[in-house]
Amino acid sequence: MTETVGVRLHSDLIRAINEISNEEKAERSVILRKLLEKGINHWKLEKALTAYSKKTVTLWKAAEIAGVPIWEMLDILEMKMIPFNYDVDELTRYVREKYGKVI
């Protein structure tokens with residue numbers, strides 16, 4: 001299901017969108033949807049990383065918030081040099097619940 005949304009944008013943003021549209025040879029609406037999706041995904045990831053860093057969520061929950069697999073979240077934590085605050089028992093429990101066995 002889709003819905004039409006009207007929004008006012010500054011002329012600088014319009015120019016940037018038009019530039020991307022021309023470069024990608026795609027309609028502005030397609031470019032806007034892609035940019036919004038990327039922005040939303042980035043926001044979710046930052047929210048998850050902040051909560052994980054503050055130890056208010058587990059690794060499992062942070063991955064869920066970010067919409068990525070737990071293994072990808074581990075890679076992101078390493079890349080961003082965020083300390084790993086997860087113990088082996090929690091990880092074993094997650095893998096067992098998710099996959100039915102410990103790999």
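Computed from the coordinates by the stated procedures, all read-outs in this text should not be read as laboratory data. It should be emphasised that the depicted structure is a prediction, and the values quoted were computed from it without experimental measurement. Backbone-built Cβ (ideal geometry, glycine too); neighbour counts: all protein chains shown.
General remarks:
- Here the relative contact order of region 47-103, from alpha carbon pairs under 8 Å that lie six or more residues apart, stands at 25 percent.
- Among the GluC sites (Glu not before Pro) within region 25-101, those in coil by DSSP and having at most 16 neighbouring Cβ atoms inside 10 Å are E27.
- Averaging Cα coordinates gives a centre for region 3-17 and one for region 71-103; these two points are 40 Å apart.
- With both labels modelled 7 Å from their Cα along Cα-to-Cβ, the E46 to E23 distance reads 2.1 nm.
- Across all Cα pairs in region 11-99, the calculated P(r) in 10 Å bins from zero up to the longest distance comes to 16, 37, 20, 19, 9, 0 percent per bin.
- Counting every alpha-carbon pair across region 29-75, the share separated by more than 12 Å comes to 60%.
- Entries of K55/K80; K25/K47; K34/K80; K34/K101 with Cα pairs more than 26 Å apart: K25/K47; K34/K101
- Of the chymotrypsin sites (Phe, Trp or Tyr not before Pro) found in region 48-103, the ones in coil according to DSSP and having at most 11 other Cβ atoms within 10 Å of their Cβ are F84.
- The chain, helix-only ellipticity at 222 nm - DSSP H runs n ≥ 4, -39,500 (n - 2.57), divided by all residues, nearest 500: -22000 deg cm²/dmol
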